[in-house]
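A short write-up of the structure that comes next.
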Amino acid sequence: MTLTKDFDYATLGFKELIAERDGGILVVTINRAKERNSFTRLFAEEFVRVFELADQDDRVHVVIFTADPTAPAYCSGAGLSGSWNGLFTEEELKEGGDHSHRDTGGFVTFAVLNCRKITIAAVNGHAAGVGLTGLQLPFDFRFIWGGAKLTFPFVRRGIVPEAISSDLLPKLVGHANARAVLLSGLTYTPTHPLLSQLYPPLTPDYPTILPERQDVLPAALAFARNLAANTSQISVAYTKSLLLHPGTTVEESHLNESHALQKVVMNGTDPTEGVKSFMQKREPAFKDRLGTVKGGWSPWWRPLEVRLRRSKL
Amino acid sequence: MTLTKDFDYATLGFKELIAERDGGILVVTINRAKERNSFTRLFAEEFVRVFELADQDDRVHVVIFTADPTAPAYCSGAGLSGSWNGLFTEEELKEGGDHSHRDTGGFVTFAVLNCRKITIAAVNGHAAGVGLTGLQLPFDFRFIWGGAKLTFPFVRRGIVPEAISSDLLPKLVGHANARAVLLSGLTYTPTHPLLSQLYPPLTPDYPTILPERQDVLPAALAFARNLAANTSQISVAYTKSLLLHPGTTVEESHLNESHALQKVVMNGTDPTEGVKSFMQKREPAFKDRLGTVKGGWSPWWRPLEVRLRRSKL
Amino acid sequence: MTLTKDFDYATLGFKELIAERDGGILVVTINRAKERNSFTRLFAEEFVRVFELADQDDRVHVVIFTADPTAPAYCSGAGLSGSWNGLFTEEELKEGGDHSHRDTGGFVTFAVLNCRKITIAAVNGHAAGVGLTGLQLPFDFRFIWGGAKLTFPFVRRGIVPEAISSDLLPKLVGHANARAVLLSGLTYTPTHPLLSQLYPPLTPDYPTILPERQDVLPAALAFARNLAANTSQISVAYTKSLLLHPGTTVEESHLNESHALQKVVMNGTDPTEGVKSFMQKREPAFKDRLGTVKGGWSPWWRPLEVRLRRSKL
């Protein structure tokens, strides 16, 4: 499928998700209320697909992921029927050994991390397991219902952290807090000191912890509209990449920043419009787009391929 | 010495420490109240020994390290008699040069980090130097007396941070706080914003900052009993290892998590019991043990050998 | 120029900065109030020069960087005249390509990071862009006016984070907060939860957030005098280096700490004076200096050279 200029997300024919674009904002909603919004392989596949499209679609500035606020949960974790075998594909089970599995939650996390647009999770219900890992941690911003019950239950279920949470959580809340929540497996609310760094306040205009479930998506949308109107798509893409792929030394980070600055200033019109609108005290009208800007997109890191390579032909 | 099935920690013949096991909980207490619980080479050797045993002993789920609450301090730092030469072994002094020393505090920190069981420091008194570095930072959880005076005094004594604190502290409390406490050498209490991230609250049932010194160990024990009863030994070991040995990229972390998940689900019974007990709304009865689980234990990192190799035969 | 024993900073002939030494404390003040203390290439050059001198000057224990409290801002960011081209040198423009630029803010950050003396930013006014990145983040301590408006405006100007802020900010305030401020481009005050970790309180005697602009420098000076009188120059240099250059594993960090401890104890007199003064309950009289201590200074890392190498001769 080609991403045409007037591509309509309704044509994707998704079963587990609903994707709707309104101007620069794409809202993706979980469509599994009857199953407590539990996580399945098809859910993951549709999720990856829509975030890949959002990354490529020049019309999209912000992606919001949310759920039906009347569903039993934002996401209740992996959909299990008494066993964890459903986590493994037939191919993985056939391959066997200790290294043939690829965690599905990880694919979800990669899809969000690799999306160069602003990503917002609008968490309007309880969240457990992957609902708190892959469906929250990799996002740029999180808006949440104050009454949400949050749990990383892995050690109390006999399994292990997934969706790259063992790596992302310490970076987001510090190692002391990450150890405490992952090794206790207890349940918290968004204002608890162990997790509150996940939901930092922005400004009085944009509350991030909301008293009612139905307030969460509107709050996220109001903030998304501000960002879509006032931030440069190219600046956002480079800023996200600088944060996600810092150098191994400060000198390398300096070289990356210098390169990014040169790319945006030499090839685009947004930096000029940014200064001009600031001096004229008006909203900027940024026109550069990732798909069309001169000089293209230059990552400075080597993407690692994690897909399983079959040992037999 | 072999770790027999009915091994008794009382037979270790320790001088500086007392080790007592009760069910899945091993409590290790400093036995140097008369010397202000100061830190010596023998203390370090016994400490390393008991944490190595706890790591290997399938009966142990949680290790608590604490002191006599009537002692002058939890640990007052290195035992000095007017000089720092006691920090060096005869071999190190003979070897000379700039690279023959190995910090004893570092051995203590390694012993805690490499222990695959849950570790809790029950800090029921003042703590300085190694009493705040090696005897607190590497632990998974810290319970503490609210009146404890805490100090990293290195820059005010003409020496440098030890016990790997220059690496662990920024990860636990952030670089801004770590710089402030290590470069000022001032004294703080546990609720001070610079250090409070070391003592995050858990839940109302499990307070971590206690008003009286004698309350600290009982609070740690209550939490330890919850964890010993409700968490899988294998899950804890893998979760700790994922946190301690993340990949250098998110892709590597994904591969590590995928591998760990495959190991626990394919070889053990705990994941099945975890789901079953959750669905039946009862406590889990986890049976997998590190020493007996099918498939054994597979670290994914290369342990570095730091012992001094003598240049002369 | 040689740094003679009685070198006077007034002889530097600076245009954009004023440098004055009083005992162990060097105060550097921005001298561009008429231009809103905006950042220029000459400013950067003088800044780098004075921090290099402070690093080498055995008389200096603490460097404070500040501004005139009656100026419109502490630093209002890059000095722009409607375009970003001023950020590039003629050489860089001639060289072209994607990798010929070196961000000037990065040089400022390196100068502070590489200074082995204690560094304090006394932020007595508003700060935007490099006034919040290079002129604050690399410092060991920050004192600030409570009313200061702080903004990382990059995504709203069409450019990208600079002065190594994309690397330093997540380490200082955590990744969640860093993403929120860098991707929103909104304006905050020092007590806002997103940035408050940059300005942690020290002790009641040393407030770091001051109600009036003219209180900021005196507060920084009072703290600087305490550190200059009570900390060892060598200990500070090694502690800073251990924090800035940790190992890639905890084992490497252990080796670095062990090496640093051996260097200071075997070659200097400060460790002995540190213990003695502590036992005698008096202020220490540390005498070791970086330029004269036996055994010299031994970094354990490989400094990376980031200067542009011209492709043509």
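In the stretch B:165-192, what residues drop by 50 Å² or more in accessible surface going from the chain by itself to the full protein assembly, probe 1.4 Å?
Residues shielded by partner chains are B:Ser166, B:Asp167, B:Lys171, B:His175, B:Ala176, B:Arg179, B:Leu183, B:Leu186.
Take the eigenvalues of the Cα gyration tensor for the stretch C:232-313, scale each by 5, and report the square roots as semi-axes in whole Å, largest first.
After diagonalising the Cα gyration tensor, the semi-axes are 32, 16, 10 Å.
Over the stretch B:9-230, what is the relative contact order in whole percent, taking alpha-carbon pairs under 8 Å and six or more residues apart?
19
Full-extension gain between A:Arg225 and A:Gln280, please, as 0.36 nm times their residue separation minus the C-alpha to C-alpha distance.
Values: separation 55, 0.36 × 55 = 19.80 nm, distance 2.13 nm.
Once the chain is fully extended between A:Arg225 and A:Gln280, it gains 17.7 nm.
Could you please state, rounded to a whole Å, how far the C-alpha centre of the stretch B:64-92 is from the C-alpha centre of the stretch B:120-186?
For the stretch B:64-92 versus the stretch B:120-186, the Cα centre distance is 15 Å.
List, in the order given, every pair from B:Lys149/B:Lys240; C:Lys240/C:Lys263; A:Lys281/C:Lys94; B:Lys117/B:Lys171 whose Cα-Cα distance in the structure shown is over 23 Å. Write out the running numbers ahead of the final one.
On the way: B:Lys149/B:Lys240 29 Å; C:Lys240/C:Lys263 15 Å; A:Lys281/C:Lys94 33 Å; B:Lys117/B:Lys171 21 Å.
Those over the limit are B:Lys149/B:Lys240; A:Lys281/C:Lys94.
Given the protein chains as shown and a 1.4 Å probe, how many square angstrom of C:Thr249 are accessible, to the nearest 10?
C:Thr249 exposes around 50 Å² with every protein chain in place.
What is the Cα radius of gyration of the stretch B:9-230 over 2.2 N^0.38 Å, N being its residue count?
Normalised Rg, Cα atoms only: 0.98.
List the GluC sites (Glu not before Pro) in the stretch B:243-313 that DSSP assigns to loop (not H, G, I, E or B) and whose Cβ has at most 13 other Cβ atoms within 10 Å. Which are they?
Counting only loop positions with at most 13 other Cβ atoms within 10 Å, the GluC sites (Glu not before Pro) in the stretch B:243-313 are B:Glu305.
Give the span of the protein assembly as shown's Cα atoms along each principal axis, as three whole-Å numbers ordered largest to smallest.
Largest first, the protein assembly as shown extends 79, 79, 54 Å along its Cα principal axes.
Can you send over the solvent-accessible area of C:His61, 1.4 Å probe, protein chains only, in Å² to the nearest 10?
Near enough 30 Å² of accessible area.
Given points 7 Å out from each Cα along the Cα-Cβ axis, report the A:Glu95 to A:Ala10 separation in nanometres with one decimal.
If labels sit at A:Glu95 and A:Ala10, their model points lie 4.0 nm apart.
Which whole-number percent gives the relative contact order of the stretch A:174-313, counting Cα pairs below 8 Å spaced six or more residues apart? Let's see the in-between values first.
Values: 89 pairs, mean separation 23.6, N = 140.
Relative CO of the stretch A:174-313 lands at 17 percent.
Just to make sure I understand: if all protein chains stay in place, what is the order of B:Leu183, A:Leu217 by accessible area at 1.4 Å, largest first? All intermediate terms of the calculation are to be shown ahead of the outcome.
On the way: B:Leu183 0, A:Leu217 45 Å².
Descending accessible area places them as A:Leu217, B:Leu183.
Starting at the first residue of the stretch A:43-57, write each ³J(HN,Hα) from the Karplus equation 6.51 cos²θ - 1.76 cosθ + 1.60 with θ = phi - 60°, in whole Hz, x for Gly and Pro.
Working through the residues one at a time gives 3, 4, 5, 5, 4, 4, 4, 6, 6, 5, 5, 4, 4, 7, 7 Hz.
Using the Karplus curve 6.51 cos²θ - 1.76 cosθ + 1.60 with θ = phi - 60°, what ³J(HN,Hα) values do you get for each residue of the stretch B:192-202, in whole Hz, with x for Gly and Pro?
Each residue's phi maps through the Karplus curve to give 5, x, 5, 10, 4, 5, 6, 10, x, x, 9 Hz.
Going by a 1.4 Å probe on protein heavy atoms, which residues of the stretch B:83-118 end up with at least 50 Å² less accessible surface in the whole assembly than in their chain alone?
Residues shielded by partner chains are B:Trp84, B:Phe88, B:Asp98, B:His101, B:Phe110.
Using a 1.4 Å probe and counting only protein heavy atoms, arrange B:Lys287, B:Lys117 so the residue with the most accessible area comes first.
So, going from the largest accessible area down, we get B:Lys287, B:Lys117.
Sort out for me the Cα centre separation of the stretch A:261-303 from the stretch C:250-297, rounded to whole Å.
Result: 50 Å between the Cα centres.
Please calculate how many Å² of accessible area the stretch A:232-313 carries per residue, with a 1.4 Å probe and no DNA, RNA or ligand atoms counted.
Heavy-atom accessible area per residue stands at 52 Å².
Checking buried surface per residue: for the stretch A:257-288, which residues lose a minimum of 30 Å² accessible area in the protein assembly relative to the chain alone (1.4 Å probe)?
Residues meeting the cut-off: A:Glu257, A:Ser258, A:His259, A:Leu261, A:Gln262, A:Val265, A:Met266, A:Pro271, A:Val275, A:Phe278, A:Met279.
Between B:Pro211 and the same site in the other copies, what are the distances in nm, shortest first, taking label points 7 Å from Cα along the C-beta direction?
For B:Pro211, the inter-copy label distances come out at 3.2, 3.3 nm.
7 Å along Cα→Cβ for the label point: how many nanometres lie between B:Gly13 and each equivalent label in the other copies, listed shortest first?
Relative to the other copies, B:Gly13 has label-point distances of 7.7, 7.7 nm.
Kindly compute the accessible surface that chains A and B hide from a 1.4 Å probe when together, both sides summed, and give it to the nearest 100 Å².
For A against B, buried area totals roughly 4600 Å².
Please work out the C-alpha center-to-center distance from the stretch C:2-50 to the stretch A:10-25 and express it in whole Å.
58
Report the semi-axes of the equivalent ellipsoid for the stretch B:165-280 in whole Å, largest first, where each axis is √(5λ) for an eigenvalue λ of the Cα gyration tensor.
So the three semi-axes of the stretch B:165-280 are 33, 24, 9 Å.
Going 7 Å from Cα along the Cα-Cβ axis for the label, what nanometre distances separate A:Leu42 from the same residue across the other copies?
Once sorted, the set of distances for A:Leu42 reads 7.0, 7.0 nm.
Can you give the Rg and Dmax of the stretch C:101-244 based on its C-alpha atoms, in angstrom?
15.1, 46
With +1 on each Lys and Arg Cβ and -1 on each Asp and Glu Cβ, and nothing else charged, work out how big the dipole of the stretch B:81-157 is about its Cα centre, in Debye to the nearest 20.
460
Volume per residue, Å³, of the convex hull around the alpha-carbon atoms of the stretch B:1-68?
Hull volume over Cα atoms, normalised by residue count, gives 80 Å³.
Tell me, what is the per residue accessible area of the stretch C:31-103 in Å², probe radius 1.4 Å?
43
For the stretch B:233-313, calculate the relative contact order in percent as a whole number, restricting contacts to Cα pairs under 8 Å that are 6 or more residues apart.
With pairs under 8 Å counted, the relative contact order is 29 percent.
Okay, helix-only estimate at 222 nm for chain C: each DSSP H run of n ≥ 4 adds -39500 (n - 2.57), divide by all residues, round to 500 deg cm²/dmol; what do you get?
-10500 deg cm²/dmol
From Cα coordinates alone, what are the radius of gyration and Dmax values for the stretch A:87-185 in angstrom?
14.5, 44
Measure off, as a whole percent, the carbon and sulfur share of the 1.4 Å-probe accessible area of chain B, all protein chains present.
Details: 6400 of 12150 Å².
It is 53 percent, rounded to a whole number.
Once amide H atoms are built 1.01 Å from N in the peptide plane, which residues 5 or more positions from C:Ile209, or in another chain, come under 5 Å H to H?
C:Ile144
Antiparallel DSSP bridges in chain A: what percent, to the nearest 5?
If I count the DSSP bridges inside chain A, around 30 percent turn out antiparallel.
Quick one: helix B:270-279 against the long Cα principal axis of chain B, what's the angle to the nearest 10°, folded into 0 to 90?
The angle comes out near 70 degrees.
Using only the Cα atoms of the stretch B:140-208, what do you get for the radius of gyration and for Dmax, in Å?
Rg and Dmax of the stretch B:140-208, Cα atoms, are 12.6, 43 Å.
Where in the stretch B:240-279 does the label zone of C:Thr248 land, with the point 7 angstrom along Cα→C-beta and an amide N cut-off under 17 Å?
Answer for this model: B:245-253.
The values are calculated or read from the model by the stated rules, or taken from the named source; none is laboratory data. From a predicted model like this one, the values you see are computed outputs, not experimental measurements. Glycine also receives a Cβ, built like all others from the backbone with ideal geometry; neighbour counts cover every protein chain displayed. Only protein heavy atoms, including side chains, enter the accessible area calculation; ligands, DNA and RNA are left aside. Shrake-Rupley method; radii C 1.70, N 1.55, O 1.52, S 1.80 Å.
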